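Only one structure is covered here, and it is reproduced in the block below.
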Amino acid sequence: MKNAIFRAFIFPSILLLLSACNDKTAPSTSNTISSAATASSATDAWVGKWNGPEGTFLEIAGSDGIYTITIQDLDGPKQFQGKSNGNEISFERNGTMESIQSSNGTDTGMKWLAEKSDCLRVRLGEGWCRD
């Protein structure tokens, strides 16, 4: 009798509880790693020197989504630590979070770069392009 009750009621209940514990909404580790690798590989392509007007430049060094950013403006070079954030590189400058994003020359807002197509910018009026 006990065996029949176990098979009829308890065993199916245990199976139901165990299947409810399987959370299918959590992302798999391989998908998370793949997404992170894709995001950093997009910004890893930006490693190198990007030129602006009047001797200004942006230089990005590093890989795997972690970067050292050198920005040479008219006051001289300054270095920052950056991190891939999707299709941008985020960094802190003077207490403000900034981001480097892909652009074209026109969208940098700088007339010297208007004809260029492969550019990066932080904000309107602050941009650099590949030669």
(message) Name the residue that is farthest from the chain's Cα centre (by Cα), counting only residues in region 49-65 that are assigned to a strand (DSSP E or B) and free of Cβ contacts under 8 Å to residues at least 24 places away in the same chain.
(response) LYS49
(message) Taking the conditions exactly as written (within 18 Å of PHE57 (Cβ to Cβ) and of a type in the set (S, T, N, Q)), does SER103 satisfy them or not?
(response) yes
(request) Could you grab me the full set of residues in region 64-75 that are surrounded by fewer than 17 Cβ atoms within 10 Å (Cβ to Cβ) and modelled with pLDDT under 95? (result) ASP64, ASP73, LEU74, ASP75
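Listed here are the residues, each with its yes/no results for (1) modelled with pLDDT under 55; (2) over 21 Å from THR108 (Cβ atoms); (3) surrounded by 14 or more Cβ atoms within 10 Å (Cβ to Cβ).
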site: ASN31; (1), (2), (3): yes, yes, no
site: SER41; (1), (2), (3): no, yes, no
site: THR56; (1), (2), (3): no, no, yes
site: GLY62; (1), (2), (3): no, yes, yes
(request) Restricting attention to region 86-100, report how many residues are surrounded by fewer than 17 Cβ atoms within 10 Å (Cβ to Cβ), part of a strand (DSSP E or B) and of a type outside the set (Gly, Ala, Ser). (result) 4
(message) Can you pull out every residue in region 66-99 that is among the hydroxyl-bearing types (Ser, Thr, Tyr) and within 15 Å of the chain's Cα centre (by Cα)?
(response) TYR67, THR68, SER84, SER90, SER99
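The values are calculated or read from the model by the stated rules, or taken from the named source; none is laboratory data. All values derive from a computational prediction rather than experimental measurement. Here the Cβ is made from the backbone with ideal geometry for all residues, glycine too, and neighbour counts use every protein chain on show.
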